[in-house]
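A.B. asks: Handing you this structure, nothing more for now.
The values are calculated or read from the model by the stated rules, or taken from the named source; none is laboratory data. What you are looking at is a predicted structure, and each value in this text was computed from that prediction instead of being measured. Don't worry about glycine lacking a Cβ; one is built from the backbone with ideal geometry, like all the others, and counts go over all protein chains shown.
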Amino acid sequence: MDFDLPGEDDAYRSDIRAWIEANPRPTGRALAEAGLVAPHWPAPWGRDATPIQQLVIDAELRRAGLSRPVNPIGIGWAGPTILYAGTDEQKDRYLMPLLAGEELWCQLFSEPEAGSDLAGLRTRAVRDGDEWVVSGQKIWTSIGHVAKFGILIARTDPDAPKHTGISYFICPMATPGITVRPIPDMTGGHTFNEVFLDEVRLPASSLVGDVNAGWSLAKVTLGNERVSLSGEGALWGRGPTAGDLIELVRKQGGCSDPLVRQRLARLFTESEILRLIRLRTVTAAVQGRPPGAEASVRKALSDHHGQVIMGLAKDLCGPQGMLSDAGPMGAADPQWHYGYLFAPALTIGGGTSEVQRNIIGERVLGLPHDIDVSESGGRSPLGRPSPSARGAAQA
């Protein structure tokens, strides 16, 4: 790591503090219009902030106890893609409400027969005058039941090569022909959904970028998704961290069991490794270098790390861990129970751990590619889906 944060008397820090003092309880819209939700975005949606300025803004928001609007798919994935390839009209219509958290977004990518091998999707979009008619099915659509818009990829040229006949659309979730059905999970609630599109008519203006060029935009979205899912919180960048769990144990008087103490030490070590990898990524950005292997490595490590945090938290509950409102060391906090039940999803969503390790092996370690899927029908010699096919969505 090779950077220093500005001191307390820095003019940029003072400017941010002055705005916060003038707006001690800002709405999501106020934060968005001030460029503080995605400060690295260009004006008027952001502040064209450098990596160091972003860290300063984050620190000052934390110091003031302020939180940005919650709209993870909109701010983290849809917004950057629209900013990259959207028309001026699309940017003006969608970006500010998205940043303000006023309009939630979901992602209509995965399908029953096209999960990790995303380019194998079957949902079709056919041009009919000034509209696109979309039919197909999507699955594992997080918050699709409450989202106002979805980012949708569909096949617009069935005769084109696999990765070149796909287009990218903005899909209002209230459009006639859309049916959203919940997929309950073992937490007792539901975040995921399956979405059916039955001759859904989207205006021509819903197309993002060029026709049949949607795969390149999907990679923009997936790249932002990978970063978003490897944040500091245990649950895909949200929720408690290893530090939160360790601090809770410390406040409860510590732990005398040598085996549990060793597990806590290992957890702390993992969290420090992930923190340092993140700082290496920041260093690359500060020095004007593209991110290297750190992003993929951190995603692969952080998924398992989240499961370790929640598993240890549940073990620290003892027999009370059977209760849904129990937290570690006798603390009454249901977030740990929910996190334990949700944690198995961490190594699946956003690209499975196997896919991530396949990418790291081929692109970082220089290991040979798997058998050519075009010659094997997408199957490995053992009859299982080829890792290269499974990793195609992350290409």
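A.B. asks: Out of (1) under 22 Å from Ser271 (Cα atoms); (2) modelled with pLDDT of 85 or more, the odd one out for Gln356 is which?
C.D. replies: Against the list (1) under 22 Å from Ser271 (Cα atoms); (2) modelled with pLDDT of 85 or more, Gln356 comes up short only on (2).
A.B. asks: Could you check how many residues of segment 98-122 are over 18 Å from Thr81 (Cα atoms) and either touching a Ser or Thr at 6+ places or on another chain (Cβ under 7 Å) or part of a strand (DSSP E or B) (or both)?
C.D. replies: 3
A.B. asks: If you don't mind, another one. Report, by residue number, each residue of segment 31-41 that is part of a loop (DSSP other than H, G, I, E, B) and in contact (Cβ under 8 Å) with a residue 24 or more places away in the chain.
C.D. replies: First pass over segment 31-41, keeping only residues part of a loop (DSSP other than H, G, I, E, B): 34-41.
Residues satisfying the conditions are Leu36, Val37, Ala38, Trp41.
A.B. asks: So which residues in segment 236-268 are outside any loop (DSSP other than H, G, I, E, B) and of a type in the set (S, T, N, Q)? Spell out how you get there, then give the answer.
C.D. replies: Taking segment 236-268 and keeping what is outside any loop (DSSP other than H, G, I, E, B), we get 237-238, 242-251, 258-268.
Of everything in segment 236-268, just one residue is outside any loop (DSSP other than H, G, I, E, B) and of a type in the set (S, T, N, Q), namely Gln262.
A.B. asks: Is at least one residue of segment 174-188 assigned to a loop (DSSP other than H, G, I, E, B), in contact (Cβ under 8 Å) with a residue 60 or more places away in the chain and under 21 Å from Val126 (Cβ atoms)?
C.D. replies: no
A.B. asks: Let me ask something else. Every residue in segment 243-276 that is polar (S, T, N, Q) and touching a residue at least 40 places away in the same chain (Cβ under 8 Å), please.
C.D. replies: Hit for segment 243-276 is Gln252, nothing else.
A.B. asks: Go through the residues of segment 192-202 one by one and say whether even a single one is surrounded by fewer than 19 Cβ atoms within 10 Å (Cβ to Cβ), closer than 30 Å to Ile151 by Cα and at pLDDT below 95.
C.D. replies: yes
A.B. asks: Between Ala295, Ala234, which is farther than 30 Å from Arg155 by Cβ, at pLDDT below 90 and surrounded by 15 or more Cβ atoms within 10 Å (Cβ to Cβ)?
C.D. replies: Ala234
A.B. asks: Quick one: how many residues across segment 142-168 are crowded, with 22+ Cβ neighbours inside 10 Å and part of a loop (DSSP other than H, G, I, E, B)?
C.D. replies: Total meeting the criteria: 3.
Yes/no matrix, rows are residues, columns are (1) farther than 20 Å from Ala78 by Cα; (2) surrounded by fewer than 19 Cβ atoms within 10 Å (Cβ to Cβ); (3) under 18 Å from the mean Cα position of the chain (by Cα); (4) among the hydroxyl-bearing types (Ser, Thr, Tyr):
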site: Glu113; (1), (2), (3), (4): yes, yes, no, no
site: Leu118; (1), (2), (3), (4): no, no, yes, no
site: Leu121; (1), (2), (3), (4): no, no, no, no
site: Arg124; (1), (2), (3), (4): yes, yes, no, no
site: Val134; (1), (2), (3), (4): no, no, no, no
site: Trp140; (1), (2), (3), (4): no, no, yes, no
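A.B. asks: Cβ-Cβ under 6 Å, sequence separation 6+ or interchain: first residue in segment 43-69 and within 15 Å of Ala30 (Cβ to Cβ), partner surrounded by fewer than 19 Cβ atoms within 10 Å (Cβ to Cβ) and modelled with pLDDT under 95. Which pairs?
C.D. replies: Qualifying pairs under 6 Å: Gly46/His40.
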